[in-house]
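Colleague: Sharing a structure below in structure tokens format, with a few things to ask.
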């Protein structure tokens with residue numbers, strides 16, 4: 001079996017399927033499965049930006065976890081180009097309500113692939129970007145939803161990787177900070193990165209993505225140029 005895609009590809013997804021155990025009724029026998037994804041195949045060339053769209057619960061975040069290597073498929077394969085660093089950026093990864101903002105940055109940064117040294121070196125930059133004032137040294141349980149989102153984005157933004165998997169990282173609370181976050185990420189992902197992004201934002205997807213994959217009920221409903229797939233998605237939801 002091949003363990004890497006062709007040299008021009010960052011990731012190759014081949015006939016992937018993934019299931020979860022399903023709650024059984026009293027009279028059922030054996031283990032029932034819910035297939036979150038079925039027969040998923042597509043290529044991600046290096047240096048491209050791919051968008052993933054679909055309704056809530058369609059399997060988008062599950063697919064990102066497969067691309068990141070967090071989950072393993074029941075069937076098929078996800079092949080990564082050797083030497084490329086892949087990071088899943090998901091806001092508030094590893095956050096604990098009982099720890100301060102700084103300590104949450106430390107834990108989340110490690111989960112996102114930074115070393116302890118990198119986290120400490122970038123700490124003040126992350127604190128500055130979050131811009132939550134003295135709350136940075138207070139427990140997360142005292143934060144508003146917007147403040148948590150700011151802290152999550154500030155941590156995610158300072159993670160460095162060759163392949164960036166973005167799970168709704170632009171949903172960061174108030175409009176001013178959301179616009180700031182989008183501008184920062186646009187700059188970052190246009191720096192010859194390979195990017196796969198889950199988003200519901202039409203403008204963002206059309207502005208940044210060359211192609212889209214539409215996931216519906218765990219399967220690919222459409223895959224191709226952004227405008228074509230977006231129109232199909234809007235008419236087929």
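Colleague: What are the residue pairs meeting all of these: first residue in region 176-192, first residue over 17 Å from residue 90 (Cβ atoms), second residue assigned to a loop (DSSP other than H, G, I, E, B), Cβ atoms under 6 Å, and 6 or more apart or on different chains?
Modeller: 192/47
Colleague: Pairs please, first residue from region 223-237 and in contact (Cβ under 8 Å) with a residue 60 or more places away in the chain, second anywhere and surrounded by 12 or more Cβ atoms within 10 Å (Cβ to Cβ) and assigned to a helix (DSSP H, G or I), Cβ atoms under 6 Å, 6+ apart in sequence or on different chains.
Modeller: Filtered contacts from region 223-237: 226/206.
Colleague: Considering only region 199-219, state which residues are within 20 Å of residue 59 (Cβ to Cβ) and surrounded by fewer than 20 Cβ atoms within 10 Å (Cβ to Cβ). Full working, then the answer.
Modeller: Our first condition is that a residue be within 20 Å of residue 59 (Cβ to Cβ); within region 199-219, this holds for 199-201, 205, 209, 211-219.
Once the filter is applied, which keeps residues that are within 20 Å of residue 59 (Cβ to Cβ) and surrounded by fewer than 20 Cβ atoms within 10 Å (Cβ to Cβ), region 199-219 yields 200, 201, 211, 216, 217, 219.
Colleague: Name the single residue that is surrounded by the most Cβ atoms within 10 Å (Cβ to Cβ) among those in region 136-145 being in contact with a helix residue (DSSP H, G or I) (Cβ under 7 Å, 6 or more places away or on another chain) and under 26 Å from residue 160 (Cα atoms).
Modeller: Within region 136-145, the match that is surrounded by the most Cβ atoms within 10 Å (Cβ to Cβ) is 136.
Colleague: For region 138-190: of the residues being part of a helix (DSSP H, G or I) and in contact with a strand residue (DSSP E or B) (Cβ under 6 Å, 6 or more places away or on another chain), which is farthest from residue 113 (Cα to Cα)? Steps first, answer last, please.
Modeller: The first filter runs over region 138-190 and keeps only residues part of a helix (DSSP H, G or I), leaving 140-142, 145-157, 175-189.
Those still in the list that are in contact with a strand residue (DSSP E or B) (Cβ under 6 Å, 6 or more places away or on another chain) too: 156, 189.
On the way: 156: 10, 189: 17 Å.
Restricting to residues being part of a helix (DSSP H, G or I) and in contact with a strand residue (DSSP E or B) (Cβ under 6 Å, 6 or more places away or on another chain), the top hit is 189.
Colleague: Could you grab the pairs with beta carbons closer than 6 Å, sequence gap of 6+ or different chains, first residue in region 10-34 and at positive phi and modelled with pLDDT of 95 or more, second one surrounded by fewer than 17 Cβ atoms within 10 Å (Cβ to Cβ) and outside any loop (DSSP other than H, G, I, E, B)?
Modeller: If the second residue must be surrounded by fewer than 17 Cβ atoms within 10 Å (Cβ to Cβ) and outside any loop (DSSP other than H, G, I, E, B), the pairs left are 15/39; 15/41.
Colleague: Picking from 182, 227, which residue would you name as being exposed (fewer than 14 other Cβ atoms within 10 Å of the Cβ) and over 19 Å from residue 108 (Cα atoms)? Step through it out loud before you land on a result.
Modeller: Values: 182 fails: exposed (fewer than 14 other Cβ atoms within 10 Å of the Cβ).
So the residue among 182, 227 that is exposed (fewer than 14 other Cβ atoms within 10 Å of the Cβ) and over 19 Å from residue 108 (Cα atoms) is 227.
Colleague: Do we have any residue at all in region 114-137 that's outside any helix (DSSP H, G or I), touching a strand residue (DSSP E or B) at 6+ places or on another chain (Cβ under 6 Å) and in contact (Cβ under 8 Å) with a residue 12 or more places away in the chain? Outline the logic, then answer.
Modeller: To start, the set of residues in region 114-137 that are outside any helix (DSSP H, G or I) comprises 114-115, 131-132.
With touching a strand residue (DSSP E or B) at 6+ places or on another chain (Cβ under 6 Å) added as a condition, the list becomes none.
Looking through region 114-137, none of the residues is outside any helix (DSSP H, G or I), touching a strand residue (DSSP E or B) at 6+ places or on another chain (Cβ under 6 Å) and in contact (Cβ under 8 Å) with a residue 12 or more places away in the chain.
The values are calculated or read from the model by the stated rules, or taken from the named source; none is laboratory data. What you see is a predicted model, and the numbers here were worked out from it, not measured in a lab. Neighbour counts run over all protein chains shown; Cβ positions are idealised from the backbone, glycine included.
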